[in-house]
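Inspection log for the structure reproduced underneath, given as structure tokens.
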Amino acid sequence: KFDQRRFDSVVDATGLRDDLRMLPGGQDVEIGERGLTLSGGQKQRVGVARAVYEAKEECDGRLYLLDDPLSACDVHVGRIIFERVVMGLLIRQTRVMVLNQLEFLRFADHIAVMRGGRIVDQGTYDELV
């Protein structure tokens, strides 16, 4: 069942509100092969929005695997998404993230440092810094 309130919350958290306003047809525009082509950052934010839309306000046992969800976003938008989505809408969910933005590591409960596909160090932010 479609939840407009939830949709609006997710669109705002992922920074897609202005993008939707500019699109012909707004939120109903078709994207993809037969529709509108999105930028890399827009595609990434739409992907995050689709995953987050289903998240519950209470922990429901779901695991969110976010593989570098901020890589195609500029610094400002990435910060907004991290704050509003990762530390906001998904705060009660289990989140496993691959990140290249070191500024967000201090918010992690546990960090695994990888090189060449292997874990070379792990611990809390304070232990690793």
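Which of the GluC sites (Glu not before Pro) across the range 40-129 are loop residues per DSSP, with 13 or fewer other Cβ within 10 Å?
Glu54, Glu57, Glu58
Calculate the FRET efficiency for Cys59 and Arg17 from the Cβ-Cβ distance with a Förster distance of 22 Å, rounded to the nearest 0.05.
The formula returns an efficiency of 0.20 here.
Under the 0.36 nm per residue contour assumption, what length would be gained going from the current alpha-carbon distance of Thr124 and Arg92 to full extension?
Full-extension gain reported as 9.6 nm.
Answer with one residue from Leu102, Val120, Met87: the one whose Cα lies farthest towards the positive end of the charge dipole of the chain, charges on Cβ with Lys, Arg +1 and Asp, Glu -1.
The residue sitting farthest along the positive end of the dipole is Met87.
With a cut-off of at most 15 other beta carbons within 10 Å, and DSSP calling the residue loop, which trypsin sites (Lys or Arg not before Pro) in the range 62-121 qualify? Please list them.
Passing sites in the range 62-121 are Arg62, Arg92.
Scan the range 1-59 for chymotrypsin sites (Phe, Trp or Tyr not before Pro) in coil per DSSP, keeping those whose Cβ has at most 11 other Cβ atoms within 10 Å, and list them by number.
For chymotrypsin sites (Phe, Trp or Tyr not before Pro) across the range 1-59 that sit outside H, G, I, E and B with at most 11 neighbouring Cβ atoms in 10 Å, the list reads Phe2.
What's the local net charge at Gly15, with K and R +1, D and E -1, over the other residues with C-beta under 15 Å away?
+1
Can you check what the Kirkwood hydrodynamic radius comes to for the range 1-128, Cα pairs only, in Å to one decimal?
Kirkwood radius, the range 1-128: 16.0 Å.
If I model a spin label at Glu30 and Phe2 as a point 7 Å from the Cα along the Cα→Cβ vector, what separation in nanometres do I get?
A separation of 1.6 nm, rounded to one decimal place.
Give the angle, between 0 and 90 degrees and rounded to the nearest 10, that separates the Cα long axis of helix 40-53 from the longest principal axis of the Cα atoms of the chain.
90 degrees
So how tilted is helix 4-13 from the main axis of the chain? Cα-based, degrees 0 to 90, rounded to 10.
Once rounded, the angle reads 50 degrees.
Every number in this text was worked out from the coordinates using simple rules, so none of it is lab data. These numbers come from a predicted model, not from an experiment. Glycine also receives a Cβ, built like all others from the backbone with ideal geometry; neighbour counts cover every protein chain displayed.
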